[in-house]
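To keep things clear, I will list the structure first and then write my remarks on it.
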Ligand SMILES: [Ca+2]
């Protein structure tokens, strides 16, 4: 499968695909490095992670809030009406999320929806702390009836 790759030197991040190859893919605002790319061949996949800090200076400081956005796609052209959603987590666990998961009723075939998660970075996080953030596909009925999590993993650097 081929797909267009946006070449922006200032935004490009080196990522490893599941088969071990590397691809230059764009990282969104506030993203340090993309570690794992969500597989676009899967039925539900994630792209376009970005983090915008509350005061807009481009750095996420201790105690500051930020909005994480990510786009969920249906890639097979088949409506998925079983409350698909996205779950977010951080390692180390230094972000207090308003919601750690969010869902909606369904996603039509080939549709894309941007989702936003608000988080506050802990007060005691030192500057230049690397935080790994995982966003994963889930559903309201999970665990039990779970779609492939097909995660998108990236790092941010605290200010
Ligand atoms: Ca800031």
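Per-structure values
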| quantity | calculated |
| --- | --- |
| Residue within the range 44-56 that is closer than 22 Å to residue 29 by Cα and out of contact with any strand residue (DSSP E or B) (no Cβ under 6 Å at 6 or more places or on another chain) present | yes |
| Options 44, 14, 6: the member that is farther than 19 Å from residue 132 by Cβ and at pLDDT below 95 | 6 |
| Subset tally (residues that are farther than 12 Å from residue 122 by Cα and surrounded by fewer than 18 Cβ atoms within 10 Å (Cβ to Cβ)) for the range 76-103 | 14 |
| Tally, over the range 139-159, of residues that are more than 16 Å from the ligand (Cβ to nearest atom), within 22 Å of residue 66 (Cα to Cα) and outside any loop (DSSP other than H, G, I, E, B) | 4 |
| Residue satisfying condition, being away from the ligand (no atom under 16 Å from the Cβ) and under 16 Å from the mean Cα position of the chain (by Cα), within set 117, 104 | 117 |
| Lone qualifier among 137, 131 - being closer than 16 Å to residue 39 by Cβ and surrounded by 13 or more Cβ atoms within 10 Å (Cβ to Cβ) | 137 |
| Near pairs, Cβ below 6 angstrom, 6+ apart or cross-chain, from the range 32-60 (under 15 Å from residue 115 (Cα atoms)) to any residue that is within 10 Å of the ligand (Cβ to nearest atom) and assigned to a strand (DSSP E or B) | 51/66 |
| Residue in the range 51-59 that is assigned to a strand (DSSP E or B) and modelled with pLDDT under 95 present | no |
| Residues that are under 16 Å from residue 59 (Cα atoms) and buried (at least 20 other Cβ atoms within 10 Å of the Cβ), drawn from the range 104-128 | 119, 121 |
| Per-region count, the range 63-89, residues outside any loop (DSSP other than H, G, I, E, B) and under 26 Å from residue 43 (Cβ atoms) | 14 |
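The values are calculated or read from the model by the stated rules, or taken from the named source; none is laboratory data. Small disclaimer: the values here were computed from a predicted structure and weren't measured. Quick reminder, even Gly has a Cβ in these numbers, built from the backbone with ideal geometry, and neighbours come from all protein chains shown.
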